[in-house]
Amino acid sequence: MSFRPIFEAHNWDDVKASIYAKTAADVERALAAPRRTLEDFKALISPAAVPYLEQMARLSQQLTRKRFGNTVQLYVPLYLSNECQNICTYCGFSLDNKIRRRTLSSVEILQEAQVLKAWGYEHVLLVTGEANQTVGVDYLEKALHTLRPHFAHLSMEVQPLDEEEYERLIPAGLNTVLVYQETYHQQDYKKHHPKGKKSNFHYRLDTPDRLGRAGIHKMGLGVLFGLEDWRTDSFYTALHLDYLERTYWQTKYSLSFPRLRPAEGLLQPKVEMSDRELVQLICAYRLLNEEVELSISTRETPTFRDNIIRLGITSISAGSKTNPGGYAVAPESLEQFEISDERTPKEIAGMIRRQGYEPVWKDWDTALAPAPI
Amino acid sequence: MKTQPLIIAGRTFTSRLFTGTGKFSSAALMEEALLASGSELVTVALKRVDVSDTNDDILRHLGHPQFHLLPNTSGVRTAKEAVFAAQLAREALETNWLKLEIHPDPKYLLPDPVETLKAAEELVKLGFVVLPYIHADPVLCKRLEEVGVAAVMPLGSPIGSNKGLLTRDFLEIIIGQSKVPVVVDAGIGAPSHAAAAMEMGADAVLVNTAIAVAGQPVHMAQAFQMAVEAGRMAYEARLAVPVAHAEASSPLTAFLD
C-alpha cells in the first residue's frame, strides 16, 4: 500500500474545478463543522472563503493555542553542500548554474555548529543539494554522527533516499525528514525537473511512504508555491497528509509554505501567491488539522512573520544562511535563495516574546530517540 | 436516495444495522425481529449453539439467505481460548468470519485489550476475517488495524447498559482516523443512539439487547432499521451545523490591508 493509488484516483483538473466551485454556504458549513473534512478544506482554500478570512484567522488562533499553547519553536537551517546533479528551473543550486560548489568537511560542519549553538539553537535542519557521489548516505551519516552530540533535534532536507538508507540514518541521529513534492502536477513537475534523479516524480511521491515504513519520528510535507495553482497543490498536500496520518500514525507531521524566492538564474513564478492567500492557506490547514506543526521560514518578510505567528504557525527559523559555510566558514559564498528577514535569532526571540509567546529552543531530547549507534 | 453500501473484507452489506441473537424470549421471536430489522450480519455466540446438532434451535431460525452469520467468542478469557473457540466456530458454522470478544471480567464484560490484540494477530494469520469487540480506544484500534483486522467494533457504553454513546469523544477520533470500517457495538439502547452513531460517520452499529428486551421486539427492530438508515443518509448528505461567528474586536488580518 502506498499513497499512489489515492493520488491517481484524483484528477488534477477535477480537483481544481471542485475547489473553485465552492460557495459561501460551503465555507460557512466548513467554519461551523466540529470536525472538518477534505471537502471542507477545499471550501476554506477556495476564492469563496476570502470574505471569511478574519473569522478563519480567529479560529486558527484558538485551535493553535488549544493544542500548542502560547509557544513558537525556533529552528535553523545548516547548509552542508550546494553540489547538485539536478536541474530545477527555480533553484540556485541547479546543475546548469555556474556557481562555485562546496561541501563542508566534518571540521567545517563543527565550526558552523558552534555559531548556531552560541545562538541557542537545539533544532537544526541539515540541507544539501542532490549529489549522491559526494553527498550520499555515507556523508549524511557522518554528518549526523558529527552533530548528534551537540543538538537535541536533527532534521534533514536532502534528496529522497531508499527505505534502507533511512533505516540506517535514523539510529545515527536523524529525527525528522522534510521532503517537499514541489508540485503534485505530474506533467508540470517534469517541466521543472528536466534532468537528474529528481525528475522521477513517483520516486519523490513515494518518499513519505518509505520514511513511514522506516519509522521516522517526524516528517515534513509541502509544495513550492509559484510552480502551479496553489489551491490545487495544497489540496493534494492535505490529501497526502490525511493518508499518511492514517497509515503511519505514530509519526508526527509538519507543513511548510515556501513561496518562490529570487535566486541565481531562476525563472519567475508562474503563479503569484499573495500574503492574503498565504494567510488563508495557513488558517485552512489549521482548521483542517489541529495537531499538525506549521512552519514558516525566512523567505517571508519581517512584517508578515511578526503577524503570522499569531495565526497558526508553530515553528519559525531565524538568522538563516542558505549557503554552505554561511555562518562561519565561508559567509560570502553563493546562497540557494535570498532571504527576506535578516534579523538575528535574538531579535526574533524578542519579537516572539513581545507578541505574548514563548520562544522554544528545545522541544526534544536524544534520550527519546533510538540510541545512537 | 439510496445510501452507499458497506463493504467488509470484500463482502457488501446493504444494511448497516448488525444484530445479535441473545436475550430474546424465544428463537421464533428472534427470527421475526431479525427479519424485520433488515439486518444482514447476525452475530451468534458459539457458547449458545450446539454445533453438533444440525437442528439447533437458534441456528435453525437463522437459516435465511440474507443472514451472514458472525460467530462470536463470548465467554473466553484469554487469547489462547479465543483462538481455540474461533477454530471450532469456523469448522461448525463454515465461516471464517469472527467477532472476537475476550472479556475476563464477568461483571461488566469489558474487553481485554492486551489479549484481544494478541488473539487478533494470530487469527488473521490463520485466515480469519476478524472483527474485534473493544473499548473505544483509538490507539488500540490502530494497532488492530495494523495486524489486519477487517473492522473494529468499539463500545458505545458498557455492554447491555442501553446508555448510548458515552464514549462519543473517542468514537469520533476512531472514526476520524480509521482505515477499516468502524462498527459501534454495545450500549446502544435506543434508535436515537444508533442514528447519532451513524450521523457521526460510524460505518455500522450492532444492536442486540435494545431489540431483544423491548416491549415489542419486532417493532423495535424496524425502528432501529429506520434510525440507522436515517443516520447514514444524514451523514452522506452532510449535516448542517450551528454557526458561531467570532467577533472581531481587533482584527488579526489587518496587517494585510
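A few remarks follow.
- Residues whose amide H lies under 5 Å from that of A:Leu294, counting only those 5 or more places away or on a different chain, are A:Leu255, A:Thr314, A:Ser315; hydrogens are built 1.01 Å from N in the peptide plane.
- Relative contact order computed over the stretch A:1-110 (Cα-Cα under 8 Å; 6+ residues apart), in percent: 16 percent
- For A:Thr71, the residues 5 or more places off, or on other chains, whose built amide H falls under 5 Å of its own are A:Glu358.
- Degrees, to the nearest 10: B:217-237 long Cα axis against longest axis of chain B: 40 degrees
- Pairs exceeding 23 Å between alpha-carbon atoms, taken from A:Lys66/B:Lys142; A:Lys270/A:Lys321; A:Lys191/A:Lys321; A:Lys198/A:Lys270; A:Lys16/A:Lys66: A:Lys66/B:Lys142; A:Lys270/A:Lys321; A:Lys191/A:Lys321; A:Lys16/A:Lys66.
- Sorted from greatest to least, the principal axis extents spanned by the alpha carbons of the protein assembly as shown come out as 89, 54, 44 Å.
- Computed about its Cα centre, the charge dipole of the protein assembly as shown is approximately 640 debye, with only Lys, Arg, Asp and Glu carrying charge at their Cβ.
- Rounded to 5, the percent of DSSP beta bridges in chain B classed as antiparallel: 10 percent
- Counting every C-alpha pair in the stretch A:9-102, the share spaced more than 17 angstrom apart comes to 68%.
- Nitroxide proxy distance, nm - points 7 Å out along Cα→Cβ at B:Arg168 and B:Arg60: 4.5 nm
- Within chain B, longest stretch free of exposed GluC sites (Glu not before Pro) [DSSP loop, at most 11 other beta carbons within 10 Å]: B:95-246
- Separation of alpha-carbon centers, the stretch A:303-350 and the stretch A:187-218, rounded to whole Å: 26 Å
- Span-rule helices in chain A, defined as complete DSSP H runs reaching 18 Å or more along the axis (Cα) with Kyte mean at least 0.5: A:275-288
- 10 Å-binned pair-distance histogram of the stretch B:145-257 (Cα, whole percent): 14, 37, 25, 12, 8, 4, 1
- The calculated FRET efficiency for the pair B:His68 and B:Lys179, based on their C-beta separation and a Förster distance of 25 Å, comes to about 0.65.
- Here the gap between A:Glu8 and A:Lys117, fully extended at 0.36 nm per residue and compared with their Cα-Cα distance, gives a gain of 34.8 nm.
- The stretch A:77-205: radius of gyration over Cα atoms, expressed as a fraction of 2.2 N^0.38 Å: 1.08
- Share of carbon and sulfur in the accessible heavy-atom surface of chain A [1.4 Å probe, %]: 50 percent
- Distances between placed amide hydrogens fall under 5 Å for B:Gly164 paired with B:Ile188, B:Gly189, all partners being 5 or more residues away or on another chain.
- Taken across both chains, chains B and A shield about 2400 Å² of accessible surface from a 1.4 Å probe.
- Computed FRET value (nearest 0.05) for A:Asp138 with B:Asp53, which takes r as the C-beta separation and R₀ as 51 Å: 0.15
The values are calculated or read from the model by the stated rules, or taken from the named source; none is laboratory data. Computed from a predicted structure; not experimentally measured. Virtual Cβ from ideal backbone geometry, glycine too; neighbours counted across all protein chains shown. Surface accessibility is based on the protein's heavy atoms, side chains included, excluding ligands, DNA and RNA. Shrake-Rupley method; radii C 1.70, N 1.55, O 1.52, S 1.80 Å.
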